[in-house]
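Remarks on the structure that follows.
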């Protein structure tokens, strides 16, 4: 199959008709019909059968579907990459970060950067670590900020600071004199907790340690983000184990926090492409992130 055959095949699969496929590809309906006929002639079998006015894929087409969709996605990625390379000079700072870091750390750093470079353009958005790696490699972002190991050969990562796992509790849970004392994980036995089903390295390690606590903590609600866990703790739903940036105090959503007595550090990483040296604006932004993060962690 030629590339134009694959494009039309995918368009018909998506829209269910030649008319819709033609509109999707910005060509005429007769032109779309001609491309489909040519593709089927070269293949030696039909790709679609007409049923009640719609084109339904044949069994042979279904076998090709996954591979064709993958090729079309790679074409779109290539288009995105070339477009981003062409406009990268006009966007000196494009930062993607995990949702935890977007709450306070990144906005504060961006605000400080505007004082240093009033004319600079900034784009900020949030992604989970896997999406972040893709955005960096496709030149959609220049810097990634994450609490996970990037683990990609085309990326360089730099550890900006290290923190501790924090145990957070509803207001008034502990006496003030105990807040600076680390809590052993065994103290969570039988305690009410908000369960966190985050599928990352940190989440898996925390779950592994909690599974060794006997009796197990009493979990009445499960969530998929540390931020939601914090909000539930503030409403009195029990304890939760979170990273130090999530534990940081914010107006209107106060919780108590204590360090967990466990040899398990949380590292803030800055990630960028190996083939793209950071410009002065990007370097200054990371300097602000490092300083702010270290200051925040000194209070937790």
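The values are calculated or read from the model by the stated rules, or taken from the named source; none is laboratory data. From a predicted model like this one, the values you see are computed outputs, not experimental measurements. Here Cβ is always computed from backbone atoms with ideal geometry, including for glycine, and neighbour counts include all displayed protein chains.
Residue-wise test of (1) touching a strand residue (DSSP E or B) at 6+ places or on another chain (Cβ under 8 Å); (2) modelled with pLDDT of 90 or more; (3) assigned by TED's automatic domain parsing to the domain that holds residue 141.
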{"position": "17", "(1), (2), (3)": "yes, no, no"}
{"position": "26", "(1), (2), (3)": "no, yes, no"}
{"position": "33", "(1), (2), (3)": "no, yes, no"}
{"position": "46", "(1), (2), (3)": "no, yes, no"}
{"position": "58", "(1), (2), (3)": "yes, yes, no"}
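Check every one of the helices (runs of 4 or more DSSP H) wholly within segment 197-300 and list those with 2 or more residues that are in the same structural domain as residue 127 (by TED's automatic domain parsing) and buried (at least 17 other Cβ atoms within 10 Å of the Cβ).
It comes to 280-297.
Quick check on residue 158: is it in contact with a strand residue (DSSP E or B) (Cβ under 6 Å, 6 or more places away or on another chain) and outside any loop (DSSP other than H, G, I, E, B)?
Spelling it out, residue 158 is indeed in contact with a strand residue (DSSP E or B) (Cβ under 6 Å, 6 or more places away or on another chain) and outside any loop (DSSP other than H, G, I, E, B).
Within segment 118-131, is even one residue over 28 Å from the mean Cα position of the chain (by Cα) and at pLDDT below 90?
yes
Residues being surrounded by 16 or more Cβ atoms within 10 Å (Cβ to Cβ) and farther than 27 Å from residue 273 by Cα: count how many of those fall in segment 153-173.
Final tally of qualifying residues: 8.
For residue 109, state whether it is modelled with pLDDT of 90 or more, crowded, with 20+ Cβ neighbours inside 10 Å, part of a loop (DSSP other than H, G, I, E, B) and not assigned by TED's automatic domain parsing to the domain that holds residue 206.
It is false that residue 109 is modelled with pLDDT of 90 or more, crowded, with 20+ Cβ neighbours inside 10 Å, part of a loop (DSSP other than H, G, I, E, B) and not assigned by TED's automatic domain parsing to the domain that holds residue 206.
Just for segment 121-142: of the residues that are in contact with a strand residue (DSSP E or B) (Cβ under 6 Å, 6 or more places away or on another chain) and in a loop (DSSP other than H, G, I, E, B), which one is surrounded by the most Cβ atoms within 10 Å (Cβ to Cβ)?
141
Select from segment 1-23 the residues that are more than 18 Å from residue 58 (Cβ to Cβ) and either over 36 Å from the mean Cα position of the chain (by Cα) or surrounded by fewer than 18 Cβ atoms within 10 Å (Cβ to Cβ) (or both) and list them in ascending order.
Those that are more than 18 Å from residue 58 (Cβ to Cβ) and either over 36 Å from the mean Cα position of the chain (by Cα) or surrounded by fewer than 18 Cβ atoms within 10 Å (Cβ to Cβ) (or both): 2, 3, 4, 19, 20, 23.
Is it fair to say residue 193 is touching a residue at least 40 places away in the same chain (Cβ under 8 Å), closer than 27 Å to residue 175 by Cα and assigned to a strand (DSSP E or B)?
Taking the combined requirement at face value, the residue satisfies it.
Looking at 26, 33 in this structure, which one is surrounded by fewer than 16 Cβ atoms within 10 Å (Cβ to Cβ) and either under 18 Å from residue 76 (Cα atoms) or within 33 Å of the chain's Cα centre (by Cα) (or both)?
26
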